[in-house]
Amino acid sequence: MPAKLPLILLPPSEGKADGGDGPRWSLGSMTIDLDRQRMAVLRALKHAMAADEASRKKILGVTGTALARATEVNRTAAVAPTMPAIDRYTGVLYDTLDHVSLATAERRRLQASVVIFSGLWGVVTPTDQIPDYKLKMGASLAPMGKLSTWWRDALTERLVALADRRAVWNLLPHEHAAAWAPPPELEQWTVRFLDRRADGSLAAVSHDNKSLKGALVRHLIAAPDTSPADLAGWRHPAGYRYAPKATERRNGLTVVSMIRG
């Protein structure tokens, strides 16, 4: 069993709540110290948002009214009102996690366990106050270049220290997993959800993957000592069950398979 609460690594969401009533971002206001890097990205992003439409479209990957809105929130990110990251992110994973319905003790564990990756902020914790913004970890931003590469050294240093003697549940998609380089000796667990086809073969779930992970995070917060083997006694709300024969180890990473059907 882990000696400490697990470390659960999550992606942000494209969907974000508007507005906020918290103070503007300031140095020293976030749980994990990356202020020097955050200042650099904020400056670069504000400069990039003054470029022509084609350049902004290339960075942000959106067009039309979505581009206009993204440009505006990015231009004002350094001075805009904030809200806790767990409230700012409104995507499917976070809707399913439904943190407001957690018990008080579980909310404390959520804050102590979850780290959310971000192209703008590097990583944030659930209660870190952040403004609205739009910047993917896979975006290229001058003079940094690709942000996942630019963030890698700093995030690796912080997260390896944070992971000391903890179970690490790495639930990151490739774009965000590329933003840190854990050493091979660091034990990590990730989860894949598989459906069984009519012919008996297995297919990875893509459409509902985020909601499935959200339910898993709720379980990990409720039962923080969970290991892959412990999942044998847990039935996912969508009917997935731990499949030890389909679970693999890859260079220190245990890929836990959950199968339905």
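Could I get the Rg over Rh figure for region 21-158? Both from C-alpha atoms, Rh via Kirkwood, rounded to two places. Please list the in-between numbers first.
Working: Rg = 15.3 Å, Rh = 15.7 Å.
A ratio of 0.97.
Note: relative contact order over region 27-109, using C-alpha pairs below 8 Å and six or more positions apart, is 21 percent. Stretched out straight at 0.36 nm per residue, the stretch from Arg69 to Leu186 would grow longer than its current Cα-Cα span by 38.1 nm. Protein-only accessible surface at a 1.4 angstrom probe places the residues Thr71, Thr31 in the order Thr31, Thr71, largest first.
Can you give me the % of accessible surface on region 189-261 that is carbon or sulfur? Probe 1.4 Å, all protein chains present, nothing else counted.
Details: 1860 of 3760 Å².
Here it works out to 49 percent.
Among the DSSP helices (H) of the chain, none spans at least 24 angstrom by Cα along its long axis with an average Kyte-Doolittle hydropathy of 1.6 or more; this is a geometric and hydropathy rule only.
So what's the projected area for the chain, the Cα convex hull averaged over all directions, in nm²? Walk me through the intermediate numbers first.
Details: hull surface 58.8 nm².
Result: 14.7 nm².
Using 0.36 nm per residue, how much length does the chain from Met144 to Asp195 gain when fully extended, once their Cα-Cα distance is taken away?
Details: separation 51, 0.36 × 51 = 18.36 nm, distance 4.01 nm.
Using 0.36 nm per residue and subtracting the Cα-Cα distance, I get 14.4 nm.
Taking every protein chain into account, the accessible area of region 218-261 amounts to 51 square angstrom per residue (probe 1.4 Å). Take Trp234: with every protein chain present and a 1.4 Å probe, its accessible area is about 40 Å².
Here the ratio of the Cα radius of gyration of region 149-261 to 2.2 N^0.38 Å is 1.12.
Determine how many Å³ per residue the convex hull of the Cα atoms of region 81-235 encloses. Mind dumping the intermediate values first?
Details: hull volume 22.9 nm³, N = 155.
Spelled out: Cα convex hull of region 81-235, divided by residues, is 148 Å³.
Given the options Gly145, Gly233, Gly15, which has the most mean-square fluctuation in a GNM of the chain, springs set between C-alpha atoms less than 10 angstrom apart? Fluctuation is largest for Gly233.
Average projection, convex hull of the Cα set of region 77-156: 6.0 square nanometres.
Extension gain, Thr90 to Arg249: 0.36 nm times the residue separation minus the Cα-Cα distance gives 54.0 nm.
The values are calculated or read from the model by the stated rules, or taken from the named source; none is laboratory data. Source: prediction; values computed, not measured. Heavy atoms of the whole protein, side chains included, go into the accessibility calculation; ligands, DNA and RNA do not. Shrake-Rupley method; radii C 1.70, N 1.55, O 1.52, S 1.80 Å.
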